[in-house]
Amino acid sequence: MKVNSVNKQQNFKGSFGEKTVGFITKHPALLATLAGSSVIAQKVVMSSSEATIGPAMDIAIGKTISKITNEKDGRTKQSSKVQAVRTFSQAVGGTIVGVIIRGICIAGATALCMKAGGKIGEELGKKFPDKFASIVNNGLTKKSSDYEKISNASAWGKNIGGAVALMVMLVTNFLIDAPFINLINKNATKVVKNIGVKFKKPQEDKNSKEVK
Amino acid sequence: MAQDIQKTTNGIWKLLEACTPNAEKAGNALLYLNAIGMLFAAASNTTATAIDKNTRPEDKKFLIPAGVATGVANIGIYFLMTRKIIKYLEKSALSYVDKMKDNELVAKATDFAKRAVKKAEKGIFKKPELAVSMKKDFFNGADINGTITEAAKNAYKNNVKAAASVAGAFAGAVIGCSILTPIIRDVSAYFVQKRMEKNNPELKNKPHKPYYDPTRVGTGIYNRKQPLSMTSFMTFTNKNLNGNMKI
């Protein structure tokens, strides 16, 4: 069965996925960046898209809901604007704090894996031979070269550091993120208010717009 | 009971194996870590609603299940969708690498190996030992201008697979975070409001307050015992310190 499916794939030239992979391989810098990226890169990509597309989505959803439900007072529309500013502030503030904390945790975990990873792996491998031997030992202890050791340590460091960062952020979210995001939101709300006033006037008065 | 523990530990092992730094599974680790982060954020937001003193118990009865349902739908759809995308791209990378002609592979792998060595030799994060080791591993006779080894070819292939799976994880994260989450959050908030209005008919007749009044940004607006409107619900979930859980 497997052989058949592989043959079928090979006959089907240039699927969307293969084109995507081909595009990546044509740009060596992109390839290296993607292959070496950690949760930090994921956070940056995710949040930057959230900060740009998210608010527009919020407003569009607000409009759609008021249209479908025939809402007359436009309450949903208004709320969606509040949410749009909020989404932006959360994406910006969460990224700045999240990236710093993730960076620190990953750097620490990678250093630990480099120095003590082999020993810890050996100990775990002895205690849980059937489980850990295949997972940890291959990664950190059975090293044939420095290259393998360093790349494995950095790969383990990325994942362990990312997991530790999640735990750390359960605390820092309350202490740092929340007040920081509120500060951004306060300023963003003021900016939006000013823009809103500037843009509203010509829209309300159509005659004056035409004269201009 | 013993069986349950066995099942749970087996599940943890599977999760750990999925996160193991392995070239083909690089995107999986990102997916799992992100899903766990989203789970934590949703759980803390719901807990914040549950322990908040300003929310009436009648409102809580509806808000907590609504928060749980939103979180489950959001994370579930994100997880399943992203896993599909990652698997598809991994498969594509595998067939792409298999189809590659030998001279093309050699050219690309040589370029890859040279870049990797140069990156390790220079820059802020330089690792001289790594560069020496890579030269030994990747080039015959440790000569950077010479021919490459099988190890270099394999490393390049693994890199392509890893890059494809990470690209899948990124695509899933972007779609999930900037399209799926707003839809699920906003639509569920709308239903929360409708439910509140049904229980408290006086809400419908309340005059609407401007949404970007800077005075409303202050903390004072939470000293309320009145029923929730959608605006105040959204401001509550977001303005309340815990609503900012964004891991």
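Brief remarks on what is shown
- Boolean, B:T47 is open to solvent by less than 40 Å² (accessible area, probe 1.4 Å) and assigned to a helix (DSSP H, G or I): no
- Matching residues, the stretch A:144-176, being surrounded by fewer than 16 Cβ atoms within 10 Å (Cβ to Cβ) and either in contact with a His (Cβ under 8 Å, 6 or more places away or on another chain) or not hydrophobic (A, V, I, L, M, F, W, C) (or both): A:S144, A:S145
- Inspection of the stretch B:51-58 finds no residue satisfying the criterion of being modelled with pLDDT of 85 or more, open to solvent by less than 30 Å² (accessible area, probe 1.4 Å) and of a type in the set (S, T, N, Q).
- The set of residues in the stretch B:138-150 that are open to solvent by less than 20 Å² (accessible area, probe 1.4 Å) and in a helix (DSSP H, G or I) contains only B:F138.
- Of the helices (runs of 4 or more DSSP H) contained entirely in the stretch A:144-212, those carrying at least 1 residues that are modelled with pLDDT under 75 and more than 9 Å from chain B (Cβ to nearest Cβ) fall at A:178-204, A:206-211.
- Inspection of the stretch B:77-85 finds no residue satisfying the criterion of being crowded, with 16+ Cβ neighbours inside 10 Å and farther than 27 Å from B:P182 by Cα.
- When the residues of the stretch B:106-137 are filtered to those that are touching a residue at least 12 places away in the same chain (Cβ under 8 Å) and aliphatic (A, V, I, L, M), the one that is surrounded by the most Cβ atoms within 10 Å (Cβ to Cβ) is B:M134.
- Residue satisfying all of: in the stretch B:151-161; open to solvent by less than 10 Å² (accessible area, probe 1.4 Å) and not hydroxyl-bearing (S, T, Y); nearest to the other protein chains (Cβ to nearest Cβ) among these: B:V160
- Candidate set: the stretch B:170-183, residues that are open to solvent by 30 Å² or more (accessible area, probe 1.4 Å) and more than 7 Å from every other protein chain (Cβ to nearest Cβ); chosen: the one farthest from A:I59 (Cα to Cα): B:A171
- For B:A164: the one exception among (1) open to solvent by less than 40 Å² (accessible area, probe 1.4 Å); (2) more than 17 Å from the chain's Cα centre (by Cα): (2)
- Conditions (1) open to solvent by 10 Å² or more (accessible area, probe 1.4 Å); (2) at pLDDT below 85; number of the one not met by A:V92: (2)
- Per the conditions (1) within 11 Å of chain A (Cβ to nearest Cβ); (2) open to solvent by less than 60 Å² (accessible area, probe 1.4 Å), the sole criterion not satisfied by B:K99 is (2).
The values are calculated or read from the model by the stated rules, or taken from the named source; none is laboratory data. In this text the structure is predicted, and so the values were computed from the model without any measurement. We place every Cβ from the backbone using ideal geometry, glycine too, and count neighbours over all the protein chains shown. Each accessible area value is taken on the protein alone, full model and side chains, heavy atoms only, with ligands, DNA and RNA left out. Shrake-Rupley method; radii C 1.70, N 1.55, O 1.52, S 1.80 Å.
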